[in-house]
Amino acid sequence: MRPLRIILVLFSIMFLAGIAGLGGVVFVFWNFGRDLPDYQQLADYEPPVMTRVHAGDGRLLAEYATEKRVFVPIRAMPRRIINAVLSAEDKNFYSHTGVDFLSVVRAALQNVKNYGSGRRPVGASTITQQVAKNFLLTNEVSISRKVKEAILAFRIERAFSKDRILELYLNEIYLGQGSYGMAAAALDYFNKPLDQLTIAEAAFLAALPKAPNNYNPVRNPEAAKERRDWVISRMNEDGFISDEEKTEAQAEELTVRHRAPTEYVTADDFAEEIRRELADKFGENRLYKGGLSVHTTLDPRLQEIATRVLRGGLMAYDRRHGWRGPVGAIKPSEQINQGGGETIIGDFAAKLAAMDPPNGAGEWKLAVVVALSNTEAKILIKGGEGGAIPLSEMKWARKWIKGEFLGPGINKPSDVLNVGDVVLVEPVDGDKTSNSEGKFVLRQIPEIEGSLVALDPHTGRVLAMVGGFDYNKSQFNRATQAKRQPGSAFKPFVYLAALDSGFTPSTLILDAPFVIDQGPGLPKWRPANYTKQFYGPSTMRLGIEKSRNLMTVRLAETVGMEKIVEYAGTFGIAKDLPAQLSMALGAGETTLLDLTNAYAMLVNGGKKLVPTLIDRIQNRDGVTVFRHDARECIGCMAASWTGQEIPQIADSRESITDPTSAYQMVSMLEGVVERGTGRSIRAVGKPLAGKTGTTNDANDAWFLGFSPDLAVGVFTGFDEPRSLGTNEQGASVAAPIFRDFMKEALVNYTETPFRIPPGIRMVRVNPTSGLPALPGEKNVIWEAFKNGTIPTEQSRVLGLSEDKAGNPAVGTGGLY
């Protein structure tokens, strides 16, 4: 009986111990598990991934991110990476329930063995436990955190698939050098995508999660290689690689190849406009963490041309208006002044080295004048290079006088510069790499600003956008944010309203004095032509070609300002424009992008456009979440062409004006280039049309125009409006920029005439009378008429009073 009693006692003790142990486990789970974070949030968790913005040719334009990470779904993760990570971190991942008890026991024995040695305790965390720690807990080293980690691991394993847990881990883990996730690390350490990594490279990345700083291959190459080789051995032990592959991989040098510099397209204003649009559409959080892939409309070739010619045009204006002085000055110390020339130059060099070039200097160099002669100014470039500015490169630098006037001519360098002046220079001919003669051009950052927009008139896709002289000087985008008066550039929409109201390009309008009584206590309004002259009855075409203000005001009064205000809104130029006659001369405000888009709707036949900088946006999973062209194309997704008909995409654009009226306006604007205020544009040698714009006192200068397939707008003016100067206007400031842009943009394009819509007849007419030309008559032009509107006799003059018999009265008339 005694042995039986002993067995019963032992069984009772074991039973009670089991109950106590179970109770202890239950208590631990209850005590540590009651305030744990909600692990269900991992179901919807998406690691922060950078948003990438691409130009139209696929090159990178910008990246927006808080963490440098590229998300790769588990289904796209190479098996070699997965195997390396499992061998290094958790070989039993697909079999345990969140905690690997065998590894825990092994780690415990190892820690007992290492006790007192000063070594860091060995861990046995599974991948699931690391996910729990990284996503839901802190890095605190304590028993309580390890217990919470284990509890969360059990819960996570019950809630999510193994692949989902591994996907979170591989994309979230920090691997050093600012890289989060395996894909980003592969690029940063080896400049390779994941699927091109060797076994040795995959093993190295798998070795990093344990301690990325300790295994940095640059600072600790021996430790990094030792850890990598250990992972390779584990992969061999686990059956993922053969003995031969193990030997070959361990023999491979651990060579870091940092990510190659990304080729960015430079378009700062365009990129910032995209960033603002994405933030408005998706919010800041999704912009910087959502992993969006943004495909923009930017044409890098046109963008480069636009940036260069706008800068060149603003600099050309600035040089015409004189030198405003150096960017700084250096005065030699007294004791150095008494020394030799080399001592003074050394002092200049030291002080110049401490100076920074002003914002907007770009690639221009900072230099100090060290000596002057009758033919040149000797300079010292920041960095130690010597050189000279010839007198010929300073002839433009007459003193600037308020009001955009100029001081006396330049006869010698001392008329411009003094010793010690700090200036901006550029090598002669813009050669920034070699300058054997050491000759430099004197440069000055323009005060005038400007912008340029180029867009596709058939789709509204913005192909190029420059918002100012230099983005570093000012981030204000004058293409989209600056509201300015367009002046005469608004007139085409007054004339378009008249064409839609039954007038023709040959309609005669009186060019004579015009007075408006503005009401009690207000002076009378007396608009005038730019030339301050009057020209009598003239055709409507001539009125737009020569930009006649008086004819435009008369036409606007006849058509009705209410209709013109409606057209301004319909074409997106301005909302709620006051119905005042001064608005017909462009006294309202608009942006360059809106006005350029309005001109585009003239050349495309009056089809409604919404300008866009974005073609398509995809989320992190490649699903399209935005597309500018929302039309459906049935049959466009065919895998291959098997002789089927080419899909036809319906034109869903709204028609906002009569296409025949739109073409008549295009034809009249073509006349502006051929015979009017835009004659300098003829140098391009391609069919072009457009209109100059100059506001009161020449505060703003514009040129808006187009070819059959490209619409371009240019704005120039000071940020704080003031006159551009005597004789400056749209034709002298903005038009040359437009011309230079079009000359390069269209260089590889054949001459394409403007498309004539059905319902238009081209007739040879006398340009003065507007009547069809007589046989043999010279000095004629082609005029566009709608069917049934070709004049057969002289029409009455708009604005000219009539006698009781209905005959035109003698004299100028036209006073209101």
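The table that follows gives values for the structure above.
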quantity	calculated
Filter result (touching a strand residue (DSSP E or B) at 6+ places or on another chain (Cβ under 8 Å) and surrounded by fewer than 12 Cβ atoms within 10 Å (Cβ to Cβ)) within the range 643-664	Asp651, Glu654
All positions within the range 617-638 that are over 28 Å from Pro47 (Cα atoms) and in contact with a Ser or Thr (Cβ under 9 Å, 6 or more places away or on another chain)	Asp629, Ala630, Arg631
Failed condition for Gln177, given (1) open to solvent by 50 Å² or more (accessible area, probe 1.4 Å); (2) in contact with a Lys or Arg (Cβ under 9 Å, 6 or more places away or on another chain); (3) without any contact (Cβ under 8 Å) to a residue 12 or more places away in the chain	(3)
Residue under evaluation Asn604, criteria (1) free of Cβ contacts under 8 Å to residues at least 12 places away in the same chain; (2) of a type outside the set (Asp, Glu); (3) buried (at least 23 other Cβ atoms within 10 Å of the Cβ), criterion not met	(1)
Residue list for the range 241-265, restricted to those being surrounded by 13 or more Cβ atoms within 10 Å (Cβ to Cβ) and in a loop (DSSP other than H, G, I, E, B)	Ile241, Glu252, Leu254, Val256, Arg259, Val265
Every residue from the range 452-465 that is open to solvent by less than 10 Å² (accessible area, probe 1.4 Å), in contact with a Leu (Cβ under 7 Å, 6 or more places away or on another chain) and aliphatic (A, V, I, L, M)	Leu452, Val453, Ala454, Leu455, Val462, Ala464
Hits in the range 266-275 (condition: among the charged types (D, E, K, R) and open to solvent by 60 Å² or more (accessible area, probe 1.4 Å))	Asp268
In the range 210-228, residue nearest to Tyr189 (Cα to Cα) [restricted to those that are open to solvent by 90 Å² or more (accessible area, probe 1.4 Å) and without any contact (Cβ under 8 Å) to a residue 24 or more places away in the chain]	Arg219
Qualifying residue in the range 72-91 (condition: at pLDDT 75 or above and farther than 30 Å from Ile165 by Cβ)	no
Complete set of residues in the range 544-562 that are basic (Lys, Arg), open to solvent by 30 Å² or more (accessible area, probe 1.4 Å) and assigned to a helix (DSSP H, G or I)	none
Among (1) open to solvent by less than 80 Å² (accessible area, probe 1.4 Å); (2) of a type outside the set (Asp, Glu); (3) assigned to a helix (DSSP H, G or I), the one test that Lys281 misses	(1)
Elements of type helices (runs of 4 or more DSSP H) in the range 140-203, at least 1 residues being at pLDDT 85 or above and within 17 Å of Ala76 (Cα to Cα)	162-172, 182-190
Among the candidates Gly387, Gly362, residue that is under 23 Å from Ile737 (Cα atoms) and either outside any strand (DSSP E or B) or open to solvent by less than 40 Å² (accessible area, probe 1.4 Å) (or both)	Gly362
Residue in the range 366-382 that is out of contact with any Cys (no Cβ under 9 Å at 6 or more places or on another chain), over 29 Å from Thr726 (Cβ atoms), in a helix (DSSP H, G or I) and open to solvent by 70 Å² or more (accessible area, probe 1.4 Å) present	no
Sole exception among (1) part of a helix (DSSP H, G or I); (2) more than 42 Å from the chain's Cα centre (by Cα) for Val565, by number	(2)
Matching residues, the range 280-300, being free of Cβ contacts under 8 Å to residues at least 60 places away in the same chain and over 20 Å from Arg69 (Cβ atoms)	Asp280
Residue that is polar (S, T, N, Q) and either part of a strand (DSSP E or B) or closer than 26 Å to Pro721 by Cα (or both), where the choices are Thr504, Thr480	Thr480
Any pair with Cβ under 9 angstrom, 6 or more apart, that starts in the range 764-779 at a residue that is within 13 Å of Leu542 (Cβ to Cβ) and free of Cβ contacts under 8 Å to residues at least 40 places away in the same chain and ends at one that is surrounded by 13 or more Cβ atoms within 10 Å (Cβ to Cβ) and among the hydrophobic types (A, V, I, L, M, F, W, C)	Asn766/Ala773; Asn766/Val780; Asn766/Ile781
Single condition Leu593 does not satisfy, out of (1) buried (at least 20 other Cβ atoms within 10 Å of the Cβ); (2) in contact with a strand residue (DSSP E or B) (Cβ under 6 Å, 6 or more places away or on another chain); (3) part of a loop (DSSP other than H, G, I, E, B)	(3)
Cβ-Cβ under 7 Å pairs, at least 6 apart or on other chains, the range 244-258 side under 19 Å from Tyr189 (Cβ atoms), far side open to solvent by less than 60 Å² (accessible area, probe 1.4 Å) and of a type in the set (Asp, Glu)	Gln250/Asp229; His258/Asp188
Count of the range 773-787 residues which are within 16 Å of Gln664 (Cβ to Cβ) and surrounded by 14 or more Cβ atoms within 10 Å (Cβ to Cβ)	5
Positions within the range 739-764 being among the aromatic types (Phe, Trp, Tyr) and open to solvent by less than 70 Å² (accessible area, probe 1.4 Å), in sequence order	Phe741, Phe754
Residue, nearest to the chain's Cα centre (by Cα), within the range 467-519, restricted to residues that are surrounded by fewer than 20 Cβ atoms within 10 Å (Cβ to Cβ) and closer than 30 Å to Ile790 by Cα	Asp500
Residue in the range 667-684 that is more than 27 Å from Ile737 (Cβ to Cβ), among the aliphatic types (A, V, I, L, M) and in contact (Cβ under 8 Å) with a residue 24 or more places away in the chain present	no
Residue, nearest to Gln303 (Cα to Cα), within the range 713-738, restricted to residues that are outside any loop (DSSP other than H, G, I, E, B) and open to solvent by 10 Å² or more (accessible area, probe 1.4 Å)	Pro736
Positions within the range 765-786 being over 23 Å from Met551 (Cβ atoms) and either modelled with pLDDT of 95 or more or acidic (Asp, Glu) (or both), in sequence order	Glu777
Complete set of residues in the range 429-451 that are among the polar types (S, T, N, Q) and at pLDDT 95 or above	Gln444, Ser451
Residue that is most open to solvent (accessible area, probe 1.4 Å), among those in the range 326-353 that are outside any helix (DSSP H, G or I) and either of a type in the set (D, E, K, R) or at pLDDT 50 or above (or both)	Lys331
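The values are calculated or read from the model by the stated rules, or taken from the named source; none is laboratory data. The shown structure was predicted, so the numbers you read here are calculated from the model rather than taken from an experiment. Cβ sites come from the backbone with ideal geometry, for glycine too, and all protein chains shown count toward neighbours. These area figures cover heavy atoms from the full protein model, side chains too; ligands, DNA and RNA do not enter into them. Shrake-Rupley method; radii C 1.70, N 1.55, O 1.52, S 1.80 Å.
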